[in-house]
Amino acid sequence: MTELASDSDAMMALLEAAGEREIDIVPLVFDRFFARHPETRELFPNLEAAAGRMVNETLEALVGLADEAWWVDTTIINFVDLHRNFGTISEAHWHDWIDMTIDTLAEAGGDEAAAISKPAWQAQAARMKAMIDA
Ligand code: HEM
């Protein structure tokens, strides 16, 4: 098994594995999320425009947390604030979104890459959830 220097290296390995397999996870994450929370579908008047940005920002902020990036706290505060305008979003919605994004990425990257990388994603997910809940 490959040794990876840091959580963010481990996380990037899964992103690269999913990229190499040319799987677009954006629709897959939304399918999964709407299957669990169908009531949220009507909150997205312009799903096509928001979908890619929402998945990308989730992944970027998780990698930013792993890197202790200077911008990441502000990014998380900003997107939580922004979402207050979008309707009632519960703690379960936030948590499931984050988990489902990671689960979908892990499936897209394949078992081998997921085995190496998923724990690093999950560690940062736990931090992100705690920040959102606060
Ligand atoms: C880490 C979690 C999340 C991140 C980083 C995130 C990020 C984003 C971004 C970047 C946008 C696009 C904003 C724009 O285009 O101006 C967006 C839109 C949106 N997000 Fe999220 N999001 C997250 C979780 C959620 C959750 C859990 C919900 C629950 C339903 C949600 C509901 C929405 C809605 C309703 C929109 C607007 C859609 C529209 O205008 O059509 N988001 N999100």
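The values are calculated or read from the model by the stated rules, or taken from the named source; none is laboratory data. Here the structure is a predicted model, which is why all the values come from computation and not from measurement. Cβ atoms come from the backbone with ideal geometry, glycine included; neighbour counts cover every protein chain shown. The protein model used for the area step is the full one, side chains on, heavy atoms only, and it has no ligands, DNA or RNA in it. Shrake-Rupley method; radii C 1.70, N 1.55, O 1.52, S 1.80 Å.
Every residue in the stretch 56-77 that is surrounded by 14 or more Cβ atoms within 10 Å (Cβ to Cβ) and among the β-branched types (Val, Ile, Thr), please.
Of everything in the stretch 56-77, those that are surrounded by 14 or more Cβ atoms within 10 Å (Cβ to Cβ) and among the β-branched types (Val, Ile, Thr) turn out to be Thr58, Val63, Val72, Thr75, Ile76.
Specify which of the listed residues (Glu48, Glu16, Glu22) is open to solvent by 90 Å² or more (accessible area, probe 1.4 Å), under 21 Å from Pro119 (Cβ atoms) and not β-branched (Val, Ile, Thr).
Details: Glu48 fails: under 21 Å from Pro119 (Cβ atoms); Glu22 fails: under 21 Å from Pro119 (Cβ atoms).
Unique residue meeting the criteria: Glu16.
For the condition without any contact (Cβ under 8 Å) to a residue 40 or more places away in the chain and aromatic (Phe, Trp, Tyr), what is the one hit in Phe79, Phe86?
Values: Phe86 fails: without any contact (Cβ under 8 Å) to a residue 40 or more places away in the chain.
That would be Phe79, the only listed residue that is without any contact (Cβ under 8 Å) to a residue 40 or more places away in the chain and aromatic (Phe, Trp, Tyr).
Out of Arg32, Arg36, Arg53, I need the residue that is open to solvent by 30 Å² or more (accessible area, probe 1.4 Å), free of Cβ contacts under 8 Å to residues at least 60 places away in the same chain and within 23 Å of Ile132 (Cβ to Cβ). Which one?
On the way: Arg32 fails: free of Cβ contacts under 8 Å to residues at least 60 places away in the same chain; Arg36 fails: free of Cβ contacts under 8 Å to residues at least 60 places away in the same chain.
Unique residue meeting the criteria: Arg53.
Among the residues of the stretch 71-88, write down those that are aliphatic (A, V, I, L, M), near the ligand (Cβ under 10 Å from one of its atoms) and within 14 Å of Ala134 (Cα to Cα).
From the stretch 71-88, those aliphatic (A, V, I, L, M) are 72, 76-77, 80, 82; that's our starting set.
Applying the additional criterion that residues be near the ligand (Cβ under 10 Å from one of its atoms) yields 76, 80, 82.
Of everything in the stretch 71-88, those that are aliphatic (A, V, I, L, M), near the ligand (Cβ under 10 Å from one of its atoms) and within 14 Å of Ala134 (Cα to Cα) turn out to be Ile76, Val80.
Is there a residue in the stretch 117-126 that is surrounded by 14 or more Cβ atoms within 10 Å (Cβ to Cβ) and within 12 Å of the ligand (Cβ to nearest atom)? It would help to see each step written out before you state the result.
Looking only at the stretch 117-126, we keep the residues that are surrounded by 14 or more Cβ atoms within 10 Å (Cβ to Cβ), and these are 117-118, 120-125.
This time we only want the ones that are within 12 Å of the ligand (Cβ to nearest atom), so: 124-125.
Yes.
Kindly provide the set of residues from the stretch 11-59 that are part of a helix (DSSP H, G or I) and among the β-branched types (Val, Ile, Thr), ordered by number.
Here is the first cut: in the stretch 11-59, the ones part of a helix (DSSP H, G or I) are 11-20, 25-36, 38-43, 47-59.
Those that are part of a helix (DSSP H, G or I) and among the β-branched types (Val, Ile, Thr): Ile25, Val26, Val29, Thr40, Val55, Thr58.
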